[in-house]
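Encoded as structure tokens, the structure appears first; notes follow it.
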Amino acid sequence: MNAFRALKYLASIACALLSTGGLIEAEARTEGIIVDTGQDRCFGNTDEIPCPRRGEDFFGQDAQYQGAQPNYRDNGDGTISDLNTHLMWSKAVESQKASLEEAEAIAKSFKLGGFTDWRVPNIKELYSLIDFRGYTGFGAGWELPANAIPFINTDYFDFRYGDTRAGERYIDAQWLSRTRYVSTTMRGDKTLFGVNFADGRIKGYGYQRPGMQGIAKRFFARYVRGPLYGVNHFIDNGDGTISDLSSGLVWEKEDSGKGMTWEEALRYAANLRLAGYKDWRLPNAKELQYIVDYTRSPDTTHSPALDPIFLATPIINEAGQRDFPYYWTSTTHLDGPRPGTHAVYVAFGRAIGEMHGEVLDVHGAGAQRGDPKIGASALGRGPQGDAQRVVNYVRAVRGGGVVLLNAQSSRNSSRYPYTIRQAEGRNSGTETPMGGKNGLSPGKGFAPGPAPGMNGPPPLSPPFPPQPPQTAIVTCQDKVAGAACTFAGRRGESLSGRCFSPPLGNLNVLGEDPTNPRPPDEPRAPAQPPLACRPEWGPPGGANHPPAPPP
């Protein structure tokens with residue numbers, strides 16, 4: 001390990017090309033430790049499942065592998081140190097958003113913790129903070145739902161949702177980076193990349209507000225200092241693999257050559273035998289995003305956003321253009337009324353959507369989104385009409401000090417993501433995203449409220465959809481999964497939907513290593529809970545529109 005770190009150090013001195021749309025910065029030292037996503041539960045195509053064993057369906061997903069665990073230190077002076085990446089961050093988030101130009105000017109004069117060398121982070125630095133224990137949540141309209149969980153650890157970092165009282169959506173919680181897209185999005189908009197810590201995505205954002213020439217779009221800003229982060233140093237090993245000396249990961253040089261569902265992608269990676277190794281896996285979201293080359297794009301370099309040392313299969317996209325694929329990750333994207341149905345992908349080609357009947361690059365090559373694990377491909381998801389491809393490509397990975405877990409990671413119900421802290425300010429409101437009330441603690445911001453959940457003790461898992469009412473279970477007693485059903489909701493309203501198997505909750509079956517198998521007489525898992533009627537939410541104002549959370 002010492003030899004590897006020495007090699008990584010020498011490599012980082014020799015190569016300091018920062019991915020900010022062509023900006024080159026010389027730094028004597030870089031860091032490339034990829035912090036784990038934090039995801040600690042396993043999922044099938046639709047719901048949470050016990051973590052499978054090798055050879056079983058859905059083996060090899062994010063929660064079953066553990067890399068460098070998030071490790072922060074609050075320095076007590078408004079700064080947070082990441083003990084993995086050695087980056088230091090500003091803790092606070094200002095209620096006043098800033099444009100990129102404004103944020104860069106602030107960084108130049110910023111004095112915090114006795115330091116003056118602060119900067120606006122690049123997209124890889126900013127994304128290093130994302131935590132996929134977050135959950136977008138769902139509720140009525142644009143208002144903050146009671147079950148939302150930020151995609152950042154609020155034990156350490158102040159966080160704000162969008163200010164709904166100022167006309168924003170609650171998910172308008174985009175943090176900017178200084179990484180500019182080398183192409184353009186929409187209809188020629190100059191674009192920067194940012195991370196939305198409310199819904200767990202990287203997106204390209206136009207510099208200016210749509211239709212408002214000369215008015216800059218503003219974002220939340222968080223400032224960073226310390227060693228340059230995100231500089232890859234690739235070496236072709238001559239055996240079909242590429243090593244990244246900055247992270248210690250070894251990558252498949254070629255991709256899968258065809259698209260596949262998420263379950264098939266997990267199986268492809270787990271069964272891969274290449275260069276004498278059989279410990280290949282599907283990369284998690286942060287591992288895959290770390291190899292994006294933000295100086296490249298199909299429109300500017302006629303290539304994917306990927307170092308040309310790799311080989312990528314060209315495709316024809318939904319607009320009929322020569323393009324490059326989306327690639328699956330092993331990370332489930334918890335989003336919407338059915339968390340578990342989507343998995344994270346990274347777009348190495350244009351991130352396609354349909355706006356006003358026109359198919360466009362709406363998010364930029366290098367964006368990170370979520371795609372359904374099963375179903376049919378379609379255009380039109382979300383405000384930018386995202387392309388849902390369902391079958392995406394794979395580039396497998398191994399190494400990097402990542403280990404297969406023999407046991408489920410422990411969970412502390414008094415900390416993130418079970419207790420959420422929001423920053424003091426107008427748009428933070430008086431409720432935690434988990435539904436508890438907050439009280440102001442003088443000099444310390446908002447203290448955590450009571451335990452999250454439905455008026456009771458803290459659940460063993462963060463509350464995805466609330467447990468179904470008894471009426472939703474009774475109506476499906478004599479039905480099969482997928483059958484149509486109708487039941488009376490908690491407020492007496494009539495709701496229609498389909499019978500499904502509710503989330504398993506905290507059925508923590510171990511993600512075993514084959515060298516330490518489960519005894520043959522050990523039960524596979526507790527019995528599956530009974531079917532329940534899941535509403536199929538219609539448009540706002542419709543009969544099946546979800547009611548607002550109770551006050």
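Treat each spin label as a single point 7 Å out from the Cα along the C-beta direction, and report the residue 377 to residue 96 distance in nm. Modelled inter-label distance: 4.8 nm. When the alpha carbon gyration tensor of the range 197-295 is reduced to an equivalent ellipsoid, the three semi-axes, largest first, read 35, 19, 13 Å. Express the Stokes-Einstein translational diffusion coefficient of the range 47-162 in µm² s⁻¹, to the nearest whole number, given a Kirkwood radius over alpha-carbon pairs, 25 °C and a viscosity of 0.890 mPa s. This corresponds to a translational diffusion coefficient of 143 µm²/s.
Size descriptor for the range 347-393, Kirkwood hydrodynamic radius: 10.7 Å (Cα pairs only, one decimal). How large is ³J(HN,Hα), in whole Hz, for each residue of the range 82-93 in order, when computed from phi with the Karplus curve 6.51 cos²θ - 1.76 cosθ + 1.60 and θ = phi - 60°, using x for Gly and Pro? Ordered by residue, 3J(HN,Hα) equals 8, 6, 8, 8, 6, 8, 10, 10, 6, 7, 6, 10 Hz.
Couplings 3J(HN,Hα) of the range 229-242, computed from phi: 10, x, 8, 6, 9, 8, 9, 7, 7, x, 10, x, 10, 10 Hz, in residue order, whole Hz [Karplus 6.51 cos²θ - 1.76 cosθ + 1.60, θ = phi - 60°; x for Gly and Pro]. Once the Cα-Cα distance is subtracted from the 0.36 nm per residue extended length, the residue 115 to residue 496 segment shows a gain of 131.4 nm.
So which lysines can residue 217 reach, going by Cα to Cα under 26 Å and dropping same-chain residues fewer than 8 places off? The reachable lysines, counting only those whose Cα sits under 26 Å from residue 217, are 91, 97, 108, 111, 124, 190, 203. Using only alpha-carbon positions in the range 373-413, the gyration tensor eigenvalues give semi-axes of 33, 18, 10 Å once each is multiplied by 5 and square-rooted (largest first). Of the peptides 164-173, 392-401, the ranking by mean beta-carbon count within 10 Å, highest at the top, reads 392-401, 164-173.
Note on the range 297-342 and the range 60-78: Cα centroid distance 26 Å, given to the nearest whole angstrom.
We did not get these values from a lab; they are worked out from the coordinates using the rules stated. Just so we're clear, the structure is a prediction, and the values are computed from it rather than from any experiment. Using ideal geometry, Cβ is built from the backbone for each residue, glycine included, and neighbour counts are taken over all protein chains shown.
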